[in-house]
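Single-structure report; data block below.
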Amino acid sequence: MQFQWYPGHMAKAKKAMMEDIKLIDVIIELVDARLPYSSKNPDIETLANGKARVIIMNKCDLADSSITDDWIKYYEDKGCFTVRVDSKAGKGIKAVNSVIQKACSKKIERDRRRGILNRPVRAMIAGIPNVGKSTFINSFAGKACTKTGNRPGVTKGKQWIRLNKNVELLDTPGILWPKFEDQSVGLRLAFTGAIKDELYNMYELAILLIKYLSENYPDAISTYYQIETSGEQEPEVLRRIAVRRGCIKSGAEPDPDKAARYLIDDFRTGRLGKITLERPVCS
Ligand code: G4P
C-alpha cells in the first residue's frame, strides 16, 4: 500500500520548528503510546540541537500498558525523560511538571550558579498531526493559566502560556512529520487514523489489521464481535464481522467495505481493547 506525503508542508513545518526551538529550553514531544516508534519524528534529535527533551506517551488509555512499560524503559535507557498520559481524561498530566523540571535540571543549576533564581523554563509541545497536541495543551494548561503575550526580545507574535511559576509554554505546537519513507510505519499510522483515510483502501487496511490482531491479540476480534475466528482467513473474518454488525448490501450479501470501516473505528476508539502496534524490539 502506498501513502502520499507533502514535502512542501514538511519544509515549512521544519522551518517554523527551528525558529521556535531557539526560544525554548525544553521540547515536549508527544508520541502515540500505541506506536511510540512510528509516531516519532525521525529528525527530532538534530532539530532539538542539545535542548532538554521530554517524551509524552499520549493516548495511553488505548495502548497495551505492559508494552507501554517496555517503551518507557527503552526511551529512558536512551537517556530520555518519559511520562505516560491520557490527555483526553487528564490522567498523568500532574506528573509532567516535575519531569520537565528534572529534564531541565542542568539549566536550572546553571541559572542558580549565575544568581538567577526562579526563572521559569520555557517549553514547546511538538508532535506529528493527530497525536493529541491540542488536547494535551488544553489539559496541561487547564483554565488557571494566563497568556503572557509578546515580550521584548522574543519573536513578535509569539504567545506564551504561563503554567505556573516554573514553566512557560509556547502556545503553538510544533508540527512534525513521521518517518514517511517507511511503508510499514505508514501502515501503522493509517491504522490509528494519523493519516487521512482517503489516502488508502479501507478494505485492504482492515485485512492487514485482522492479520496483526490474529498474530498479536488473537482474542480481540472474537471477544468483541462474539464470532469464531480461529483458523479463518482474514477475508472470512471480515465477512463474519459484516454479518455480525448487520453490514448487508443489496441482494442480502455481507458488505465487507462497510465492515472494514466499523472494524477500523472499533480499533481506533479502543472498543477492541488496549492494543499496541509495535514493541521496542521491532523498532
Ligand atoms: P493534534 O493537535 O496533535 O493534531 O491532535 P488533537 O489534540 O486534535 O487530537 C487528535 C485526536 O486524538 C482527537 O480525537 C482527540 O480527542 C484524541 N486524543 C488526544 N489525546 C488523547 C488521549 O490521550 N486519549 C484518547 N483516547 N484520545 C486522545 P478526535 O476524534 O479527532 O476528536 P474528538 O472526538 O475527541 O472531538
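A few comments on the model shown:
- Here ASN130 meets each of (1) of a type outside the set (Lys, Arg); (2) open to solvent by 70 Å² or more (accessible area, probe 1.4 Å); (3) assigned to a helix (DSSP H, G or I); (4) closer than 25 Å to ARG279 by Cα with one exception, condition (3).
- Filtering region 74-96 to residues that are open to solvent by less than 60 Å² (accessible area, probe 1.4 Å) and not in a strand (DSSP E or B) leaves TYR75, GLY79, CYS80, VAL85, SER87, GLY90, GLY92, ILE93, ALA95, VAL96.
- Flag for VAL99 being touching a Phe, Trp or Tyr at 6+ places or on another chain (Cβ under 6 Å) and not in a loop (DSSP other than H, G, I, E, B): yes
- Note on region 1-41: residues that are assigned to a loop (DSSP other than H, G, I, E, B) and modelled with pLDDT under 85 amount to 6.
- Residue check: ASP25 meets all listed conditions (1) surrounded by 18 or more Cβ atoms within 10 Å (Cβ to Cβ); (2) free of Cβ contacts under 8 Å to residues at least 60 places away in the same chain; (3) more than 15 Å from the ligand (Cβ to nearest atom) but one, namely (2).
- Failed item in (1) small (Gly, Ala, Ser); (2) at pLDDT 95 or above; (3) in a loop (DSSP other than H, G, I, E, B); (4) more than 16 Å from the ligand (Cβ to nearest atom), with SER214 passing the rest: (3)
- Taking every residue in region 76-88 that is within 12 Å of PRO36 (Cβ to Cβ) and pairing it with any residue that is within 6 Å of the ligand (Cβ to nearest atom), at least 6 positions away or on another chain, the pairs with Cβ-Cβ distances below 9 Å are ARG84/ASN58.
- Taking the conditions (1) open to solvent by less than 20 Å² (accessible area, probe 1.4 Å); (2) over 24 Å from ALA63 (Cβ atoms) in turn, ALA260 satisfies each one other than (2).
- Criterion violated by TRP71 - all others in (1) without any contact (Cβ under 8 Å) to a residue 24 or more places away in the chain; (2) open to solvent by less than 60 Å² (accessible area, probe 1.4 Å) satisfied: (1)
- In the set (1) within 16 Å of the ligand (Cβ to nearest atom); (2) modelled with pLDDT of 90 or more; (3) within 21 Å of LEU176 (Cβ to Cβ); (4) more than 17 Å from the chain's Cα centre (by Cα), ALA95 fails one condition alone, (3).
- Options LEU189, LEU205, LEU272, LEU263; residue that is out of contact with any helix residue (DSSP H, G or I) (no Cβ under 7 Å at 6 or more places or on another chain) and either within 30 Å of TYR75 (Cα to Cα) or assigned to a helix (DSSP H, G or I) (or both): LEU189
- Only one of GLY246, GLY231 that is surrounded by fewer than 16 Cβ atoms within 10 Å (Cβ to Cβ), farther than 23 Å from THR269 by Cα and over 23 Å from the mean Cα position of the chain (by Cα): GLY231
- So PRO235, is it farther than 25 Å from GLY127 by Cβ, at pLDDT 95 or above and not in a helix (DSSP H, G or I): no
- Some residue of region 140-153 being within 30 Å of LYS196 (Cα to Cα), assigned to a loop (DSSP other than H, G, I, E, B), among the hydrophobic types (A, V, I, L, M, F, W, C) and modelled with pLDDT under 90: no
- Selection within region 43-78 - touching a Cys at 6+ places or on another chain (Cβ under 7 Å), of a type in the set (A, V, I, L, M, F, W, C) and closer than 25 Å to ALA89 by Cα: ILE55
The values are calculated or read from the model by the stated rules, or taken from the named source; none is laboratory data. Predicted, not measured: the structure shown is a model, and the values here were computed from it. All Cβ positions, glycine included, derive from the backbone under ideal geometry; neighbour counts span all protein chains shown. Only protein heavy atoms, including side chains, enter the accessible area calculation; ligands, DNA and RNA are left aside. Shrake-Rupley method; radii C 1.70, N 1.55, O 1.52, S 1.80 Å.
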